[in-house]
Amino acid sequence: MKVFWTKTLVIDHVEPPDLSEDPEYSQRLQYLGDKQQSCTIRLSHVTQKDEHMYYFKFITDKTDGKWTGYPGVTLAVTDLQVESPERVTEGDSVRLTCKSSCALTDGATFIWYRNSQPLTERRDRNNQLLLQSVRREDAGRYNCALHGHTYISPAVQLSVRYPPVNPVIFISPSGEIVEGDSVTLSCSSDSNPPAEISWFKGGTTVGSGKIYSISKISSDHSGEYKCKSRYEHGEKYSDVVTLNVIYPPKSVSVSISPSGEIVEGDSVTLICSSDSNPPALNFSWFKENQSSAVGSGQSFSALQSGRFYCEAHNQHGSQRSDAVTVTVHHGAGRNVMFGITAASGGGLFIIIIVVVTILFIMKRIKKRSTIHEYENDDPSVSTYTALDLKSRSSDVYNTLTSVHPRPAVHQSGSSEYENLTVSRRSTGLLM
């Protein structure tokens, strides 16, 4: 009813497993017989782990019809095995050993292979391979064999640990990066075991892993990037790379200089600002409800009222600003504004001081002219003697006769006005 091979006997009435159903054997075991009269099997890719006692078992439809071949057959495996250290660091000295389960003669010569290629000048009579100051290039799969025999040992992987060198960043695609493109940054940092990679924009962490991808890149992604390679014995940073994202003008706006109320005759300048890379070099100015441009350049002088807007251009596109309103006030309003402005604050005080100073100077000049007029008269001539006062009967004139002229003296204050008043009275009497 059933035939199979197994490595175990019945224990506690538990049926032993069928080798053909064991994952370690199912791909290597093949029946050569008809499972009736011949139940021969072939086991391929035998290793030293396959060295064991094997039993054949069959089951019939009879009562107690379970039979096991006992004591079974023993499989002895002659093997070559490579032994190597589990952890090797670059710079260490390493010995690999080729072990055999069979007795070897003293003259046995071992042959070594790395990655299936024989290592020339590496034959060693004492079954060891010495790697002095091991390098990362020494990593690989090692086998050993005996000279004169075709059997080669199973391969053993030698892993050489080494720290990362300074990581390097590669940008794909290279060349000009336009807003909306997809960009990939790769951090190359060769180390064993692989180092942990972190990405930074400026001083901010933005990602991890050897690849940092940006889909639909925008101007906000412009800036300086670097990657950090972290190893168990330290960390290293790459050089900085700059992402320069090209984009058309945006955030276009208009400012008015000077701000505030505008009077006819004033100079009013409109200035167009935009954010773009490369910077916008061409600017056009428009007045609402007019199809053609009314000016060009980053600044524009508005001489009349209206709503104006600008359009900024670079080689990747253009954008228009919102319209701003310019209102120009006429004539009288300007004169009134000037008067109020001139008289406001400290201006009024300054004007009053200037006017008072001018009046004072004019008055002084007039005084000096009058005094000098009398100073130039001949002092020997008596004005009062010339008057024929005695012929008059009035007491006033008698009083005046006794008054003698005083010499002219440069004086200030009330004496100047006193002389001037008397002289004028005397002159009046002659008339």
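Laid out as a table, the results:
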| quantity | calculated |
| --- | --- |
| Rg to Rh quotient for the stretch 186-338, alpha carbon positions, Kirkwood Rh | 1.30 |
| Relative contact order (%) - criterion: Cα under 8 Å, at least six apart; region: the stretch 250-329 | 34 |
| Rg to Rh, two decimals, where the stretch 80-161 supplies the alpha carbon set and Rh follows Kirkwood | 0.95 |
| Projected-area average for the stretch 158-260 over all orientations - Cα convex hull basis, square nanometres | 9.4 |
| The stretch 53-103 shape via C-alpha gyration tensor axes, a/c threshold 1.5 | prolate |
| Rg(Cα)/(2.2 N^0.38 Å) for the stretch 1-146, N = residue count | 1.51 |
| Residue 174-residue 325 FRET efficiency (beta carbon distance; Förster radius 45 Å; 0.05 resolution) | 0.40 |
| Simple spin-label estimate for residue 166 and residue 235 in nanometres, 7 Å along Cα-Cβ | 1.8 |
| Cα-derived Rg to Rh of the stretch 250-329, Kirkwood definition | 0.98 |
| Relative contact order, percent, the stretch 49-95 [alpha-carbon distance under 8 Å, six or more residues apart] | 33 |
| The stretch 168-243, relative contact order in percent, only Cα pairs under 8 angstrom and at least six apart counted | 32 |
| Of 7/66; 7/35; 201/236; 228/250, pairs whose Cα-Cα distance is over 23 Å | 228/250 |
| Two-site label geometry, residue 59 and residue 255: point separation in nm, points 7 Å out along Cα→Cβ | 9.4 |
| Relative frequency of Cα-Cα separations exceeding 14 Å in the stretch 245-295, percent | 64 |
| Fewest-first ranking of 200, 300, using other Cβ atoms within 10 Å as the exposure measure | 200, 300 |
| Label-point gap, in nm, between residue 216 and residue 37 - each point 7 angstrom along Cα→Cβ | 7.7 |
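Readers should treat all values here as calculations from the given coordinates under stated rules, not as data from a laboratory. Here the structure is a predicted model, which means the values were calculated and not measured. All Cβ positions, glycine included, derive from the backbone under ideal geometry; neighbour counts span all protein chains shown.
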